[in-house]
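As structure tokens, the structure follows; a few thoughts come after it.
The values are calculated or read from the model by the stated rules, or taken from the named source; none is laboratory data. Note that the structure is a prediction, hence the values are computed from the model and not measured. Here Cβ is always computed from backbone atoms with ideal geometry, including for glycine, and neighbour counts include all displayed protein chains. When the accessible area is computed, the model is the full protein with side chains, heavy atoms only, and any ligands, DNA or RNA have been set aside. Shrake-Rupley method; radii C 1.70, N 1.55, O 1.52, S 1.80 Å.
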Amino acid sequence: RSSIDEQVLVLGHALCADGDFDDAAEEVQGTVHSILKSFNGVPVRNLRELAAALAGAGRWLRFEFRHGEVIVLDSEAAEKHRRQVMEVHRIQHPMCLRKDDVAA
């Protein structure tokens with residue numbers, strides 16, 4: 001670790017609800033278990049930084065991983081399907097950070 005608040009962020013699983021994202025789902029599934037390096041060109045040190053970056057992101061969401069994998073999502077299309085994905089997988093909140101998600 002280069003700093004006390006650094007975390008390793010790993011894409012562990014991608015949730016989908018219908019066939020609308022089949023191409024994106026295949027791309028994401030091929031990147032499962034990859035370590036996130038940056039989001040929209042900015043290095044991400046921890047989950048809190050990623051959450052803040054996502055909240056302030058524009059239309060395109062570019063996730064870059066350690067071994068050169070890149071996933072680009074259209075945030076408008078992703079947002080349209082977020083509720084359906086959450087309902088299918090019984091997720092109550094889109095994001096929840098606890099105080100202990102980042103070391104003080």
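Points to keep in mind about this one:
- Meets criteria (open to solvent by less than 60 Å² (accessible area, probe 1.4 Å), part of a helix (DSSP H, G or I), at pLDDT 90 or above and closer than 16 Å to L9 by Cβ) for L50: yes
- Residue selected from the range 26-47 under the condition buried (at least 16 other Cβ atoms within 10 Å of the Cβ) and among the aliphatic types (A, V, I, L, M), by the criterion modelled with the lowest pLDDT: V28
- Look at the range 66-81: where a residue is in contact (Cβ under 8 Å) with a residue 40 or more places away in the chain and outside any helix (DSSP H, G or I) and a partner is open to solvent by less than 50 Å² (accessible area, probe 1.4 Å) and of a type in the set (F, W, Y), sitting 6+ places away or on another chain with Cβ atoms under 6 Å, you get I71/F63.
- If the condition is being open to solvent by 70 Å² or more (accessible area, probe 1.4 Å) and modelled with pLDDT under 80, then the range 82-97 contributes P94, M95, C96.
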